[in-house]
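Encoded as structure tokens, the structure appears first; notes follow it.
The values are calculated or read from the model by the stated rules, or taken from the named source; none is laboratory data. Everything numeric in this text was worked out from a predicted model, so none of it was measured. Heads up, the Cβs are rebuilt from the backbone with ideal geometry, glycines too, and the neighbour counts pull from every protein chain shown.
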Amino acid sequence: MKKALIHPAPYRFDITCDDISADKSISHRCAMFSLLSDKPSHITNFLQAEDTLNSLNIATMLGATVETNANAITITPPKKITEPSDILDCGNAGTGMRLYCGLLASIDGAFILTGDKYLRSRPMKRVVEPLKSIGAVIDGRENGNLAPLFIRGGNLKAFKYDSPIDSAQVKSALILAGLHANGISHYKEHLLSRDHTERMLRGMGAKISTNNDGWIEIHPISKPLEPLNIAVPSDPSSGFFFAVAAAIVPDSRIKLVNMTLNPTRIEAYKILESMGADIKYELKTDVYEPIGDIIVSYNGKLKGVDVSQNIAWLIDELPALSIAMACAEGISRVSNAKELRAKESDRISSVLSGLEKCGVVYKEFEDGYEITGSKLAKSTIDSFGDHRVAMSFAIAGLLCGMEIEDIDCINTSFPNFFEILGKITKVEK
Ligand code: S3P
């Protein structure tokens with residue numbers, strides 16, 4: 001297992017970053033949704049990281065061909081999705097596994113989805129149960145809750161599903177199933193979760209609309225969809241590590257170029273702003289998603305904050321936000337965030353375990369935590385195999401130095417993270 005030693009930032013920094021990794025959520029969807037067309041999809045800036053390359057590899061195992069040309073890929077779908085001759089490995093990606101479950105549940109054939117030891121311990125019944133209730137045949141350990149999952153694709157019934165959780169993965173799995181159901185389906189969530197699936201499928205010609213009362217109406221498709229033609233924007237969840245860096249290293253500034261400015265994805269930046277950081281958003285284009293630059297500048301010591309709403313809009317950024325909270329004046333609280341326990345690691349426990357090692361005072365709750373801001377101490381942090389935990393504590397190292405153990409997981413989402421960090425400080429691996 002590889003380690004990294006991060007040295008404290010020697011000076012203020014002022015950088016423009018046009019190489020934040022491409023958006024993970026959108027890249028997964030590009031790989032999968034291209035299978036719903038009968039023409040080649042053209043994608044530039046597809047995320048070349050382990051999670052999304054696994055999704056792309058699964059698309060090829062289902063019969064697609066992929067051609068790469070510089071920063072662009074062309075995915076040519078098969079005439080008909082083919083039954084793969086081997087198991088489909090999603091690696092570490094919950095998005096890969098949950099969305100493929102929804103997509104494959106209606107496809108004629110047998111499919112086995114598996115993943116690494118972390119993914120094989122994450123709950124799948126949130127998608128498996130609603131899919132089974134509409135006729136899908138899916139099984140796995142614990143009655144279908146744990147991968148490997150076996151899917152026997154078949155006919156699905158139209159549904160009306162009021163989701164108990166605000167999850168884009170559950171929503172997307174059900175929307176994908178609804179595209180091949182035997183009538184018009186309806187799906188409701190209480191807080192709009194990231195809506196890339198709706199935006200992209202609508203762009204491909206699917207009839208998906210959201211009513212005033214929050215119900216999403218999904219019409220089955222009678223013919224293949226139009227192909228995707230998309231430039232994937234940069235990932236605001238990846239950019240956020242460096243946003244926190246600029247907000248905590250005195251007199252620093254960063255310009256994050258070509259980020260998706262989708263409101264369901266930039267809530268953590270709004271929280272950082274409410275803690276005192278100076279943040280500007282410059283909209284540039286709007287194709288599938290609003291896209292633009294985010295400029296974050298240090299603006300004095302951050303102040304503690306209470307985070308209890310719109311949790312689905314900042315769930316992935318909470319580990320990095322916790323570092324900002326630990327450096328802020330006063331007490332910060334996170335609540336209604338029990339979902340953090342079902343991510344790549346139990347992120348409440350892995351973040352607090354790291355903060356404890358850095359000497360930070362905290363209280364743990366089932367659905368969140370309270371952090372008392374202080375001066376962090378250098379320590380050796382276990383990433384628990386979780387990319388976002390590893391990167392969050394690497395950013396904390398800019399203030400006090402930090403050793404991060406088990407950094408390989410960073411390759412699942414942000415392979416050039418240390419290259420960018422290396423522009424700010426010395427990193428030894
Ligand atoms: C994702 C949705 C979120 C997020 C994950 C990616 C997606 O999960 O945490 O990193 O691409 O749909 P949930 O929707 O399950 O909360």
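Is there a residue being of a type in the set (Val, Ile, Thr), under 21 Å from the mean Cα position of the chain (by Cα) and more than 13 Å from the ligand (Cβ to nearest atom) anywhere in region 98-119? Lay out the reasoning, then the answer.
First, pick out the residues of region 98-119 that are of a type in the set (Val, Ile, Thr): 107, 112, 114.
Those left that are additionally under 21 Å from the mean Cα position of the chain (by Cα): 114.
Still in the list and also more than 13 Å from the ligand (Cβ to nearest atom): 114.
Yes; the residues of region 98-119 include at least one that is of a type in the set (Val, Ile, Thr), under 21 Å from the mean Cα position of the chain (by Cα) and more than 13 Å from the ligand (Cβ to nearest atom).
Table: residues versus (1) under 30 Å from Val244 (Cα atoms); (2) surrounded by fewer than 21 Cβ atoms within 10 Å (Cβ to Cβ); (3) of a type in the set (Asp, Glu); (4) within 22 Å of the chain's Cα centre (by Cα).
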residue: Ile15; (1), (2), (3), (4): yes, yes, no, no
residue: Leu35; (1), (2), (3), (4): no, no, no, yes
residue: Gly63; (1), (2), (3), (4): no, yes, no, no
residue: Thr68; (1), (2), (3), (4): no, yes, no, no
Residues in region 173-208 that are surrounded by fewer than 17 Cβ atoms within 10 Å (Cβ to Cβ) and hydrophobic (A, V, I, L, M, F, W, C) total 2
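I'd like to verify a number: residues in region 118-175 that are in a helix (DSSP H, G or I) and either outside the structural domain of Glu189 (by TED's automatic domain parsing) or not basic (Lys, Arg) (or both), how many? Please lay out each step first, then the result.
Taking region 118-175 and keeping what is in a helix (DSSP H, G or I), we get 119-121, 125-133, 141-144, 168-175.
Still in the list and also either outside the structural domain of Glu189 (by TED's automatic domain parsing) or not basic (Lys, Arg) (or both): 119, 121, 127-131, 133, 142-144, 168-170, 172-175.
Within region 118-175, residues that are in a helix (DSSP H, G or I) and either outside the structural domain of Glu189 (by TED's automatic domain parsing) or not basic (Lys, Arg) (or both) number 18.
Has region 331-351 got at least one residue that is at pLDDT 95 or above, within 20 Å of Ser252 (Cβ to Cβ) and either part of a helix (DSSP H, G or I) or out of contact with any Pro (no Cβ under 6 Å at 6 or more places or on another chain) (or both)? Show your work before the answer.
Just the residues of region 331-351 that are at pLDDT 95 or above, to begin with: 331-351.
Among the residues that remain, those that are also within 20 Å of Ser252 (Cβ to Cβ) are: none.
The answer is no, given that none of the residues of region 331-351 is at pLDDT 95 or above, within 20 Å of Ser252 (Cβ to Cβ) and either part of a helix (DSSP H, G or I) or out of contact with any Pro (no Cβ under 6 Å at 6 or more places or on another chain) (or both).
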Mind checking whether some residue in region 327-344 is of a type outside the set (Val, Ile, Thr), in contact with a Cys (Cβ under 7 Å, 6 or more places away or on another chain), surrounded by fewer than 18 Cβ atoms within 10 Å (Cβ to Cβ) and free of Cβ contacts under 8 Å to residues at least 40 places away in the same chain?
no
Regarding region 312-319, can at least one residue be identified that is over 19 Å from Asp23 (Cα atoms) and outside the structural domain of Ile43 (by TED's automatic domain parsing)?
no
Consider Arg199 carefully, then state whether it is modelled with pLDDT of 95 or more, in a loop (DSSP other than H, G, I, E, B) and either within 16 Å of the ligand (Cβ to nearest atom) or not polar (S, T, N, Q) (or both).
no
